[in-house]
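This report refers to the structure that appears directly beneath it.
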Amino acid sequence: MSTGLDVFVNHTVSIITSDGRNFIGTLKGFDQTINIILDESHERVYSTTTGVEQVMLGLHIIRGDNVAIIGLIDEELDNRLNLANIKAEPLNSVVH
Amino acid sequence: MLPLSLLRTAQNHPMLVELKNGETYNGHLVSCDNWMNINLREVICTSRDGDKFWRMPECYIRGSTIKYLRIPDEVIDMVKEETAVKNRGRDNKGAKSQRGRPATRGNFGGRGGKTGNIGGRNLNPKPKQK
């Protein structure tokens, strides 16, 4: 049975972790515990005062325990965004 | 590609490990296992707020406490080579056993059933086999 995540492989995804951070990158692989390989990744840091700040990070293994949401990014739409103009409250961490 | 294969490939490379409590550990990966437990050498530990630092010659981190690992970009290209070599090995083995199999299968008559038992007895009189 497929987990449904295999269709995301080699696509740009957005991952929200349980500490409220947002990682964007290419999904290169995953396993049964949703550990994730994210290539050419960056973090988007949201704030209400300045625009979205992008922090280049590179190759990551994110442990499945911390993954809250994985979403497929529409690259064409994403490229049209002007992140410098987007202001938003940062996410809180997950409350267990 | 599996995350743990990538981690295995990253052995002897520098990496940054962030724990769930926010502490980060910078060091060279010595070894890892299937639970993501890892051994680091020449480690610099940074506190959650990034204001305190500790140096230690080595440390062992329980996999379940890890949030993420940041590894050098070039490591992902090295994994591809490794899996390619492994697959080549598997293919060879497959070809060999397929060549051998049909004859043996026929003689032993497969699993269970009357014909199978008879065939097995005739061709293989070892008492251990029964």
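Rule-based calculations on the coordinates, nothing more; no lab input. All values reported here derive from a predicted model rather than from experimental measurement. Don't worry about glycine lacking a Cβ; one is built from the backbone with ideal geometry, like all the others, and counts go over all protein chains shown.
In table form, for the structure just shown:
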quantity: Residue-by-residue Karplus 3J(HN,Hα) for region B:8-24, coefficients 6.51, -1.76, 1.60, Hz, glycine and proline x; calculated: 4, 5, 7, 4, 6, 9, x, 7, 10, 10, 9, 8, 4, 7, x, 5, 10
quantity: Between region A:35-96 and region B:11-25, the Cα center-to-center distance that results, in Å; calculated: 20
quantity: Projected-area mean, region A:18-96, by convex hull of Cα positions, square nanometres; calculated: 5.7
quantity: Additional length obtainable on full extension of the chain from A:L91 to A:Q32, 0.36 nm per residue less Cα span; calculated: 18.6 nm
quantity: 20 Å cut-off, amide nitrogen to a point 7 angstrom out along B:S31 Cα→Cβ, residues in region B:42-75; calculated: B:42-43, B:57-66
